[in-house]
1. Within the bounds of the stretch 331-341, is there any residue that is of a type in the set (Val, Ile, Thr), within 30 Å of Pro241 (Cα to Cα) and touching a strand residue (DSSP E or B) at 6+ places or on another chain (Cβ under 9 Å)?
2. Name the residues in the stretch 7-25 that are of a type in the set (A, V, I, L, M, F, W, C), within 9 Å of the ligand (Cβ to nearest atom) and within 18 Å of Ala159 (Cβ to Cβ), would you?
3. Answer yes if at least one residue in the stretch 354-373 is in contact (Cβ under 8 Å) with a residue 60 or more places away in the chain, in a strand (DSSP E or B) and in contact with a Lys or Arg (Cβ under 7 Å, 6 or more places away or on another chain), and no otherwise.
4. Whether any residue in the stretch 85-107 is within 13 Å of the ligand (Cβ to nearest atom), of a type in the set (Lys, Arg) and either outside the structural domain of Thr143 (by TED's automatic domain parsing) or touching a Pro at 6+ places or on another chain (Cβ under 8 Å) (or both) is what I want to check.
5. Please identify the pairs in which a residue from the stretch 266-280 that is within 28 Å of Met246 (Cα to Cα) and within 10 Å of the ligand (Cβ to nearest atom) has its Cβ atom under 9 Å from the Cβ atom of a residue that is aromatic (Phe, Trp, Tyr) and in a strand (DSSP E or B), counting only partners at least 6 apart or on another chain.
6. Which one of these is outside the structural domain of Thr309 (by TED's automatic domain parsing), more than 13 Å from the ligand (Cβ to nearest atom), in contact (Cβ under 8 Å) with a residue 40 or more places away in the chain and not β-branched (Val, Ile, Thr): Gly242, Gly223, Gly263?
7. Somewhere in the stretch 30-37, is a residue out of contact with any Pro (no Cβ under 9 Å at 6 or more places or on another chain), over 25 Å from Gln234 (Cβ atoms) and either charged (D, E, K, R) or at pLDDT below 95 (or both)?
8. Look at Pro317 and say whether it is away from the ligand (no atom under 15 Å from the Cβ) and under 19 Å from Phe340 (Cα atoms).
Amino acid sequence: MTTSTRSAPDVVIAGAGIIGCATAYFLAAEHGLRVVVIERDGIASGASGGAAGELGAVGRHRFSEAFTRFIMRGIELHTELAPALREESGVDYLLGDIPLLRPAFEESEAAELREQMRWQHGLGMDVEWLDAQAVRGLGTWLTPDALGAALTVERQLEAYPFALAVAQAAEHHGVEIRTGEVTGVLRSGGRAVGVRIGSEELAAGAVLVATGPWAVDAGAWMGATVPVSPLRGQIVHLAPPGGMPMPQHAIFHETGYLLPKAGGDLLAGTTQELAGFDRQPTSEAQDGIMEAVVRLAPAVIDAPIRDLTACLRPSTPDGLPIIGAVEGWQDLYISTGHAFKGVTLALVSGRSLAQLMTGEAPDVALDDYSPARFAGAA
Ligand SMILES: Cc1cc2nc3c(=O)[nH]c(=O)nc-3n(C[C@H](O)[C@H](O)[C@H](O)COP(=O)(O)OP(=O)(O)OC[C@H]3O[C@@H](n4cnc5c(N)ncnc54)[C@H](O)[C@@H]3O)c2cc1C
């Protein structure tokens, strides 16, 4: 990374989602750099503020071992850094444990979950199989139709307050977050030397594009394809039905999930929709989510609906994020494509990229996530 002139920041970051804010935090807090973040809407106004806030290393489908370890390190960092983030920001984002059940309704599903558990044990994860009777004994909202379930204790937080905490902790270390729309990258002698913000030009020692699914637009700025696309997800926010306490267990299944939040909402999710950049929630999605979740937890049928939200995951063709230096440039970086796991990965991704940008060996090698793997893609 090239050192900036005295008046220009060392790094300018496009996008104040959780990825832009977390990377800014580490660049400033751990490397002493002067960082400006440019956000065209509000801090965490995209998926970063609307996410469910579950921090888990298991997806609907099994991730590769390397990616799972990346996520596991991300979860550890959440625990390690929470006291500092709370202290520096003054924001409590309710990081805590949540027991989580993954039920099976068919023998084949139970076998698949057990096989996944063996693999999880191999990675050091604590996961236990409960048969139907043991699950019922927990007194959860899970339908008695379940043949059994895998039980883990995972971590969760409130996504919007978390992003705000990271942004404010970054500001505590001197990061400046400004309103504006980045419309281009300034290039000189093969180097990125700043960004265009409408008619303004902001010089900087290096540029990071962290604009979530909108990073696709940055392809035109870079003269390269950025293979990221928006994958819409919707969440129904519920209250427990009259008189019922919040459930103590989350339920996650291929068809849907129910996630009790410490902040008081009961989240029912979700969808995976190709709807371009349309962020409007839809009644069809609400009906589909409710139908699936009522099958998992029949008590939900009487749960009052408080809200319906929609936001866009930055998704990539191979399901892995794109983090690193942009080919054909010096001092230009990108971090996007964190898809289903951006909140979980924010701290490990941000810290590792900050290390890479400052010439240190990253805590976690980022080679698998290099933008170069898509070089030449149409
Ligand atoms: C329904 C749903 C539930 C989710 N639940 C979880 C979960 O439980 N756990 C988990 O780990 N992950 C979850 N995710 C995924 C997570 O939310 C995302 O991976 C993460 O928020 C992506 O962060 P980001 O900073 O890359 O993108 P974004 O949050 O989209 O931020 C990008 C920012 O860039 C700004 N921007 C765009 N273009 C420009 C420009 N030209 N100039 C300036 N600013 C610009 C945007 O306004 C936006 O604020 C969920 C996602 C969805 C949709």
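The values are calculated or read from the model by the stated rules, or taken from the named source; none is laboratory data. Because the structure is a prediction, the values reported are computed rather than measured. Neighbour counts are summed over all protein chains in view; Cβ atoms, including those assigned to glycine, are modelled from backbone coordinates with ideal geometry.
1. First, pick out the residues of the stretch 331-341 that are of a type in the set (Val, Ile, Thr): 334, 336.
Now narrow it down to the ones that are within 30 Å of Pro241 (Cα to Cα): none.
Checking the stretch 331-341: not a single residue is of a type in the set (Val, Ile, Thr), within 30 Å of Pro241 (Cα to Cα) and touching a strand residue (DSSP E or B) at 6+ places or on another chain (Cβ under 9 Å).
2. Selection gives Ala16, Ile18, Ile19, Cys21, Ala22.
3. Within the stretch 354-373, not a single residue is in contact (Cβ under 8 Å) with a residue 60 or more places away in the chain, in a strand (DSSP E or B) and in contact with a Lys or Arg (Cβ under 7 Å, 6 or more places away or on another chain).
4. Scanning the stretch 85-107 turns up no residue that is within 13 Å of the ligand (Cβ to nearest atom), of a type in the set (Lys, Arg) and either outside the structural domain of Thr143 (by TED's automatic domain parsing) or touching a Pro at 6+ places or on another chain (Cβ under 8 Å) (or both).
5. Leu267/Tyr257; Gly269/Tyr257; Thr270/Tyr257
6. Details: Gly242 fails: outside the structural domain of Thr309 (by TED's automatic domain parsing); Gly263 fails: outside the structural domain of Thr309 (by TED's automatic domain parsing).
Exactly one residue qualifies, and that residue is Gly223.
7. Taking every residue of the stretch 30-37 in turn, at least one turns out to be out of contact with any Pro (no Cβ under 9 Å at 6 or more places or on another chain), over 25 Å from Gln234 (Cβ atoms) and either charged (D, E, K, R) or at pLDDT below 95 (or both).
8. Working: away from the ligand (no atom under 15 Å from the Cβ): yes; under 19 Å from Phe340 (Cα atoms): yes.
Yes.
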